[in-house]
Amino acid sequence: LGLAERELGMDGIAYEPFKQVLATESEDPILLATVGTAIAAFDDPSAEPALRTAALLAPNLPQTRCLYGAYLSREGMVDKALEELAAAAELDPEDPVIPLEQGVAQAFRGDFESAYLSFARSVELEPRNGWGLVLLGLVALQSGDLEESCPALEKGARVRPDDLEAQLLAALALRATGWKERAFEMLERGRFTAEGSDLGLVEQAEEQMEIGPQAALEFLEESLGPSSFRQRLMERP
């Protein structure tokens, strides 16, 4: 029930069924890992013991180790997170979620070179991994490599047509690298998905793109890019 409600966007309502599951004191590691991850989004302190217990009960299940590592990295315990994620990767080297989470942890540590390689591995395992592609483009941008950033951002945006920020990131990167026609195509894709206050962000991007490539690059590198990167690292796709 909780998962169904969350899929419908009813996160607040979903919280109660998840807490009811924890109240049963289940020792099912998959159940604990799933519920622990779900309630972590509410900053519930019960998430950590649930995820830790799941990893201890099932140390040979990559899912429990990965979800615990993903939680730890977002709570600032990056070294321990990377230990859990390395164990998960050894257990299942073909799961694209694990290198994605390794990239997140490495980016939190400021190791953007390693993060780039991890995101690239995730995308290699799942080529239509739009979330991973956007992160790949953003970490390249964070490292100052616009040429590497642009194609990943464009591919990610095309895979995620309803992701407004992805469309705008791609539009700005394309404009900054001289692909004017494709840049404005991506801008219009973003405008199509924008509603309410989001239209203001579209207009900001459009204004900088109209000024020229350098203005688009500055807006990308100094405003939208960093804010989107921080937000996406904290989110669980």
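Couple of notes before you dig in:
- Contour minus Cα-Cα distance for R236 and S26 (0.36 nm per residue): 73.2 nm
- Under the criterion of Cα pairs below 8 Å and six or more residues apart, the relative contact order for the range 1-83 equals 20 percent.
- Here the label points at L199 and S223, each 7 Å from Cα along the C-beta direction, are separated by 1.8 nm in the simple model.
- For the range 53-188, the relative contact order comes to 13 percent (Cα pairs under 8 Å, sequence separation of at least 6).
- Shown here for the range 59-139: GluC sites (Glu not before Pro) in loop regions (DSSP other than H, G, I, E, B) with at most 11 other Cβ atoms within 10 Å, namely E94.
- For the chain: relative contact order, % (alpha-carbon pairs under 8 angstrom, 6 or more apart): 10
- Each residue of the range 80-93 was assigned a 3J(HN,Hα) from its phi angle through the Karplus expression (A = 6.51, B = -1.76, C = 1.60, θ = phi - 60°), giving 5, 4, 5, 5, 5, 5, 5, 5, 5, 5, 5, 6, 9, x Hz with x at Gly and Pro.
- Per residue, the chain exposes 49 Å² of accessible surface when a 1.4 Å probe is rolled over the protein heavy atoms with every protein chain present.
- On full extension, the segment bounded by K19 and Q214 gains 65.2 nm, given 0.36 nm per residue less the C-alpha separation.
- Among the GluC sites (Glu not before Pro) in the range 196-237, those located in a DSSP loop and surrounded by at most 15 other Cβ atoms within 10 Å of their own Cβ are E235.
- Taking the charge dipole of the range 171-237 about its Cα centre, with +1 at Lys and Arg Cβ atoms and -1 at Asp and Glu Cβ atoms, the residue from L199, G225, G212 reaching farthest to the positive side is G225.
- The chain: angle of helix 130-142 to the longest principal axis, Cα-based, in degrees nearest 10: 60
- Computed from Cα positions, the angle between helix 180-193 and the longest principal axis of the chain comes to roughly 50 degrees.
- Each 10 Å bin from 0 upward holds the following percent of the Cα-Cα pairs of the chain: 8, 29, 31, 22, 9, 1.
- Exposure rule at most 15 other beta-carbon atoms within 10 Å, DSSP loop trypsin sites (Lys or Arg not before Pro): the chain longest free segment: 129-237
- The range 160-196: GluC sites (Glu not before Pro) falling in loop per DSSP and having at most 10 other Cβ within 10 Å: E195
- Cβ-Cβ FRET estimate between R182 and D79, R0 fixed at 41 Å, reported to 0.05: 0.50
- Positive dipole terminus of the chain, leading residue within S73, G103, F18 (C-beta point charges): G103
- Element breakdown for the range 39-98 at a 1.4 angstrom probe: carbon and sulfur atoms account for 54% of the accessible area.
- Between 0 and 90 degrees, the angle of helix 225-234 with respect to the longest Cα principal axis of the chain falls at about 10 degrees.
The values are calculated or read from the model by the stated rules, or taken from the named source; none is laboratory data. The shown structure was predicted, so the numbers you read here are calculated from the model rather than taken from an experiment. Virtual Cβ from ideal backbone geometry, glycine too; neighbours counted across all protein chains shown. To get the accessible areas, we keep the full protein, side chains included, count just its heavy atoms, and leave off ligands, DNA and RNA. Shrake-Rupley method; radii C 1.70, N 1.55, O 1.52, S 1.80 Å.
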